[in-house]
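The values are calculated or read from the model by the stated rules, or taken from the named source; none is laboratory data. Note that the structure is a prediction, hence the values are computed from the model and not measured. Cβ: placed from backbone, ideal geometry, glycine included. Neighbour counts: every protein chain shown. All accessible areas refer to the heavy atoms of the entire protein, side chains included, with ligands and DNA or RNA removed. Shrake-Rupley method; radii C 1.70, N 1.55, O 1.52, S 1.80 Å.
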Amino acid sequence: VSTQSTGNVNQEMPFSTSKRKWTELEQPDDEDHALLKELHIPLDSYNATLLDNVHPRNWQDPDPPEEYDLIAIGAGAAGLVSAKQTARRGGRSALIEVHLQGGDCLNVGCVPSKALIRVGRAAREARAASSLGVHVGEVRVDFPFVMERMRRLRARIAPNDAVELTSNVGADVYQGRGEFTSRNTIQVNGQTLKFKKAVVATGGSPRVPPIPGLSEVPYLTNKTLYNLTELPPRMVVLGGGPIGLEMAQAFANFGSHVTVVVRGDQILTKEDPAASKIVQQSLLDDGCTFVFGAKNMSVESAGVNGQGVAVTTVLYDQAGVPGSVQCEALLVATGRTPNVQGLGLELAGVEFDPSVGIPVNDLMQSSNPDIYAIGDCSSKHQFTHMAGTQVVISRTSG
């Protein structure tokens, strides 16, 4: 597919000449530090390369036309495909993203998690190699190197979702928070953009349950897990869904003592019980421990260990019997919340529920037929490939 602009012909790339790239910075300023904190991303050479692609420091918003054929809010799979395919077909499109282009999949989901899972699998196979007559000695996982490799791979893949590539295809890119101001207008960075059609593709965020004491201790979600640089001796995973379980298994294979704490009596509750039992046994074989039926949970600090790392205690009742488990890393993986608040959906005539997202019809249209909702903000099937398929469905309605 040609990368020449079809929708926004002969537009120069809107980079600022007065601001350096992330990879050219000698010292981030206060504004940079605030942004990095909001993005949950520490700055090193690999992350600087990532940011140059998916949130360039020197990007300038373009001058908008009188009206766009389509505007997408959110630059994950659904937003990227919607905006880029519209431009490739000759339409005038725009893409708005306040955080990292590429969405969860590139930055805090598919790409980093699978990089870690690959290493965990290699460690497990190495430990079992003697059963095949292959003797490799003691298996030791170099965790800092594992995480550096993950950041390197993520930075290498980032150009595929880059702001510059999106602009080259012909879609205008705005770095900021988009909010609807009427049924056919969106405001971003002080500019009002008018559209014929719009796509809400804002994704979801980790759901953090109101567990007493949780806000008082350090904890991880998928947004911060991949910033670790030292292997935690002990990890507790709250939740029995796929995100928590795949990381539980990976970290167990790295050498952490992993405990999975679940409120119910089964992991992967959306799956067939027989299938979940197979997965559970696989994690048990890799060294994970499970606590089922954990009720009345609370969390408290237990000071620091001998290496000065904070220790957290998770307390619970199990069949009326008090129990507890301690860890140096607490991963909260208890589900996802759709990102639908603060978008001005009320002004656009779009119905939504903060807990389940935006209801849509079979063509992905919201209660405002000119506004579509695609991906995690509207679907219980929260997978990247599902978002891409939903974009194809939405195009059939014009």
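Quick check on my filter: what residues within region 297-320 are over 29 Å from GLY264 (Cβ atoms) and either among the hydrophobic types (A, V, I, L, M, F, W, C) or touching a helix residue (DSSP H, G or I) at 6+ places or on another chain (Cβ under 6 Å) (or both)?
VAL304, VAL309
State which residue is nearest to the chain's Cα centre (by Cα) when the search covers only region 353-398 and only residues that are of a type in the set (Ser, Thr, Tyr) and modelled with pLDDT of 95 or more.
TYR372
Contact list please: Cβ distance under 8 Å, first residue in region 167-186 and closer than 15 Å to ALA348 by Cβ and of a type in the set (Asp, Glu), second residue assigned to a strand (DSSP E or B) and open to solvent by 30 Å² or more (accessible area, probe 1.4 Å), pairs at least six apart or on different chains.
From residues that are closer than 15 Å to ALA348 by Cβ and of a type in the set (Asp, Glu), the pairs are GLU179/GLN187.
Of all residues in region 285-305, which are in contact with an Asp or Glu (Cβ under 9 Å, 6 or more places away or on another chain) and touching a residue at least 24 places away in the same chain (Cβ under 8 Å)?
Matches in region 285-305: PHE292, GLY293, ALA294, LYS295, MET297, VAL299, GLU300, SER301, ASN305.
Filter region 148-160 for residues that are closer than 18 Å to TRP59 by Cβ and open to solvent by 40 Å² or more (accessible area, probe 1.4 Å) and give the result.
Passing the criteria: PRO159, ASN160.
This table checks each residue for (1) in contact with a helix residue (DSSP H, G or I) (Cβ under 7 Å, 6 or more places away or on another chain); (2) farther than 15 Å from VAL200 by Cα; (3) among the β-branched types (Val, Ile, Thr).
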residue: GLN27; (1), (2), (3): no, yes, no
residue: ARG57; (1), (2), (3): yes, yes, no
residue: ASP63; (1), (2), (3): no, yes, no
residue: GLU67; (1), (2), (3): no, yes, no
residue: ILE71; (1), (2), (3): no, no, yes
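Look at region 306-341 and say how many of its residues are over 30 Å from TYR372 (Cβ atoms), in contact (Cβ under 8 Å) with a residue 24 or more places away in the chain and open to solvent by 30 Å² or more (accessible area, probe 1.4 Å).
Selection size over region 306-341: 6.
Inspect all residues belonging to region 84-101 and state whether any of them is under 14 Å from VAL392 (Cα atoms), among the charged types (D, E, K, R), in contact (Cβ under 8 Å) with a residue 24 or more places away in the chain and out of contact with any strand residue (DSSP E or B) (no Cβ under 8 Å at 6 or more places or on another chain).
Within region 84-101, one or more residues are under 14 Å from VAL392 (Cα atoms), among the charged types (D, E, K, R), in contact (Cβ under 8 Å) with a residue 24 or more places away in the chain and out of contact with any strand residue (DSSP E or B) (no Cβ under 8 Å at 6 or more places or on another chain).
Can you tell me which residues in region 174-193 are within 21 Å of PRO369 (Cβ to Cβ) and aromatic (Phe, Trp, Tyr)?
Across region 174-193, the qualifying residue is only PHE180.
Among GLU300, GLU346, which is the only one that is among the acidic types (Asp, Glu), open to solvent by 30 Å² or more (accessible area, probe 1.4 Å) and not in a strand (DSSP E or B)?
GLU346
Looking at ASN368 and the list (1) in a loop (DSSP other than H, G, I, E, B); (2) surrounded by fewer than 16 Cβ atoms within 10 Å (Cβ to Cβ); (3) of a type in the set (S, T, N, Q), which single condition is not satisfied?
(2)
If GLY103 satisfies all but one of (1) touching a Lys or Arg at 6+ places or on another chain (Cβ under 7 Å); (2) surrounded by 24 or more Cβ atoms within 10 Å (Cβ to Cβ), what's the number of the condition it fails?
It is condition (1) that GLY103 fails.
Can you name every one of the strands (runs of 3 or more DSSP E) wholly within region 173-248 that holds 2 or more residues which are open to solvent by less than 10 Å² (accessible area, probe 1.4 Å)?
185-188, 191-200, 234-238
Which is within 30 Å of LEU220 (Cβ to Cβ), touching a Ser or Thr at 6+ places or on another chain (Cβ under 7 Å) and either surrounded by 21 or more Cβ atoms within 10 Å (Cβ to Cβ) or modelled with pLDDT of 95 or more (or both), of LEU36, LEU95?
Selected residue: LEU95, the only one of LEU36, LEU95 that is within 30 Å of LEU220 (Cβ to Cβ), touching a Ser or Thr at 6+ places or on another chain (Cβ under 7 Å) and either surrounded by 21 or more Cβ atoms within 10 Å (Cβ to Cβ) or modelled with pLDDT of 95 or more (or both).
Of the conditions (1) assigned to a helix (DSSP H, G or I); (2) over 30 Å from LEU228 (Cα atoms), MET147 fails just one. Which one is it?
(2)
Which of (1) farther than 21 Å from ASP142 by Cβ; (2) of a type in the set (Asp, Glu); (3) in contact with a Pro (Cβ under 9 Å, 6 or more places away or on another chain) does GLU216 not meet, given it meets every other one?
With respect to (1) farther than 21 Å from ASP142 by Cβ; (2) of a type in the set (Asp, Glu); (3) in contact with a Pro (Cβ under 9 Å, 6 or more places away or on another chain), GLU216 is out only on (3).
I'm told LEU116 meets every condition in (1) surrounded by fewer than 21 Cβ atoms within 10 Å (Cβ to Cβ); (2) over 30 Å from ILE371 (Cα atoms) except one. Can you identify the failing condition by its number?
Result: LEU116 fails condition (1) only.
If LYS277 satisfies all but one of (1) open to solvent by less than 50 Å² (accessible area, probe 1.4 Å); (2) in a helix (DSSP H, G or I), what's the number of the condition it fails?
Unmet for LYS277, out of (1) open to solvent by less than 50 Å² (accessible area, probe 1.4 Å); (2) in a helix (DSSP H, G or I): (1).
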